[in-house]
Every structure is written in structure tokens, then in C-alpha cells.
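Some notes on the structure that comes next.
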Amino acid sequence: MHIHPLITDSATLANLCARMSQADFVCIDTEFMRENTFWPELCLIQIADVNEAAAIDPLAPGLDMSPLLQLMVNNEDVLKVFHAGGQDLEIVYNLTGTTPHPLFDTQVAAMALGQGEQVGYSNLVDAWLGITVDKGARFTDWSRRPLDARQIEYAIGDVTHLAKIFPKMLERLRKTGRGAWLDQEMERLGDPKNYANDPEEAWRRIKVPSRKPDVLGRLKALARWREIEARGKDLPRGRIVKDETIADLAGHAPKRQADLAKVRGLSATWAQNDIGARLMAALEHAEPMSADELPSRDDRKPGMGKDGALVADLLKLLLKIRSKEIDVAARLLARTDDLDALAAGQREGLSILQGWRFEQFGRDALDLVEGRLAFAVVNGKLKMTRTEDIAV
């Protein structure tokens, strides 16, 4: 594989993208910094196909990134391969308003191949290629220039290794017949809605114990205000106000700005400064949350009694047994919320009752809940037994 020098000019990048637009797949990774900003600062992009690889410097003056972005979001003929690509997809979404498509995530694929819930990149490389990844540059400040040769080599390795692993993974998935299992997961991962930052929806990320419309109305107003403040200052949300302080203010709203001096998590200066005034204005304009926007009571969880909780525990035991039997990560088969919902009596809209998940796990889970399946100990081992087979 040919490794290019760091790309810093538009012509070289355009030529690279033109060649890669003819590839079956490209592997992509990014390096970014987000500790001190609201938006992640993109510092380096690595890309590889089976023939060539390069690192691209998005901070290079005058670099036109449009050919690369077009390749990622508008070329449906080239599969985009990531490993644990959620944050990479977020960056692409921030730049383009959409996400790469079609896409493939090797961490998700590893779950289907029995390699654990969230296998890290270095473990993936070791398992598939027998190569130990040098982790020495993991904590690089990627925004600092110039980058040295070791840093660039480390970064490009993330995609050159992936370009060798992906075809092997694809072949294994074909042999096991599990490729189709991943389609739904890849579509979910690539859904642009996952990466949108709508200030009107920011309140959903903050947990409060109350369902009172006035409390939730203040929570929504405060979360929206913080989102706008953080964006305007390009600071992390928690650098403005932490979640727990937002929740406390929503539940116990101060009457006057002077009362902000008594709020844990706020500086006493907020009692007099402009940002404190803007916080109070947000509270003053907050309206009780409307009935149609109120979150539904979490009836999906079996908190309705001890029996529901016990059934959920049995489903989790069944999941553990089945995932081990077919050598697939339990989280890919079923999520806890779906198990809780099934135990609580819900049948509609559950992924475990649809498609391959139903065939591999959901049918037995449903039979267990509805009394057609039971646990039994046979020769000292836990087994699943049809109830009609149990001697009375």
C-alpha cells in the first residue's frame, strides 16, 4: 500500500478523492479535540483503500475539503468503513448536515462475530492481524502544528490496518450468514437525527426525578438557554452550567437573580452579572410543558411489581445463555429496555420480536414470558426446556 505524505493542498486532495471514488470501500478515521470547545475541532483525517492511504490536514490554510466531503456523503457506490465511528460521523454531520452512506462499522461487526460488546481498535487489530498497535501517540494534542512523522504514522495506521481487516471480516460474515444482521444497526448508526443538536430537544439529555409540567418546562427553557450560551461561546456545556445544577434550578427555581449566589455549582458573581441575568430571563419565560410533550411514564420497565422485575431478570439470563450459544455479543441481540418492555407486557415495536433477532432470541424470549419455556437443571447444567416436556 502506498502511503502519501501529509496532504495540505487542494489539488492533491482532489486527485486522491478522484481515485478513491472508484474504490469498493474506503476506511476513514479522524483525530479531533473537544475538551475545551462546544464543537469538536477536526484536526486530522485519515483515509485508505486497498491501494493507498493518506492523512489530510484540515487545518492547512486554504485547503478545499469539498471533494473529500462529497466522497463521504454523496458517493453511494463507495462503502465507508469506520471503527466505533459515532464521533467521526458527528464531525461529518457538523460539516455537511448529513452522514456518510453507505457505511460499515467494524466494532458493530465484531459484536456479530462474538468478539465482545465494544472491542477496542487495538484489540481488533491484534485479533485479526496479530499486530500490536503502538499507543504512544494516543494523547497527542492533534491541534498543534507541525505534526511529526511518528504522529502521522500512528494516525495513518488506524486506516491501513482497517483496510486489511475489513475484507477478512466481510468474508467471515458471509460464511456465517450474519451480514444481514448488521443492516439495521448500520442504518441506526448512520441516522442523521442522532447527531443533530436541537436546542429545543436539549432537555432530554438531563435527568430529573419530577414529571411535573412546571418543572419540566423550566428544564426545557434552561437547557435551551445553556445550549445557546455554549454554542455562542464555543465552550462545553458543562463549562457553562453542569447538568446537576440545571436540574436543581428546574426543581427549585430562584425568585430573584440575587438568589443565584446561593445555588450550588454557580459562582456568586452570577447574582449580578449578565449571564446570570440571561439565566433568570430563561426561567421567567419558561412555560409549563404541554401534555403532548410530557415524557410518557416509563411503563415499559417492570417497575410495576416484583414479578415484572423477576421476569426481566429471567430474560436477561436467557439472553446470556443464548448469546453464548451462538457466539454473539448480547447487546447486539437485545437491549435492556426491550427486555424490560417485554417483561412488562409490551409486544408492539420491539426489535427482539422482529427479523433475525426474533429468530435467534425473541421467539424463545416470548415463550419464556408466556409460559411455554422454562429453565431446568440437567446434569448440573442450566438448560432451556419446553414446558410441555416437563413431567408433572
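A short reminder: the numbers here are calculations on the coordinates, not readings from a lab. Not measured: the values here are computed from a predicted model. Here the Cβ positions follow ideal geometry from the backbone for every residue, glycine too, while neighbour counts run over all protein chains shown.
For the reader, a short list of remarks on this structure follows.
- Whether the stretch 244-284 is rounded, prolate or oblate, judged on the alpha carbon gyration tensor where a/c under 1.5 counts as rounded: oblate
- Annotation: amide H of LEU44 within the under-5 Å range of GLU31, sequence separation 5 or more or interchain, hydrogens built in the peptide plane.
- Less than 5 angstrom separates the built amide H of GLU52 from those of HIS2, all sequence-distant by 5 or more or on a different chain.
- Exposed-loop-free span, longest in the chain, where GluC sites (Glu not before Pro) count as exposed if DSSP calls them loop and at most 14 other C-beta atoms lie within 10 Å: 118-292
- Which labelled figure in (1) 25, 55, 19, 1; (2) 24, 48, 22, 5, 0; (3) 22, 44, 31, 2 is P(r) over Cα pairs in 20 Å bins from 0, in percent, once derived from the coordinates: (3)
- Think of each Lys and Arg Cβ as +1 and each Asp and Glu Cβ as -1; about the Cα centre, that makes the dipole of the stretch 177-329 roughly 540 debye.
- Net charge over other residues, Cβ less than 13 angstrom from the Cβ of ASP49 (K, R count +1; D, E count -1): 0
- Helical content of the chain, expressed as a calculated mean residue ellipticity at 222 nm, amounts to -13000 deg cm²/dmol (DSSP H runs of 4 or more residues, -39,500 (n - 2.57) each, divided by residue number, nearest 500).
- Loop-located trypsin sites (Lys or Arg not before Pro) in the stretch 239-269 (DSSP state not H, G, I, E or B) with no more than 13 neighbouring Cβ atoms inside 10 Å: LYS255, ARG256, ARG264.
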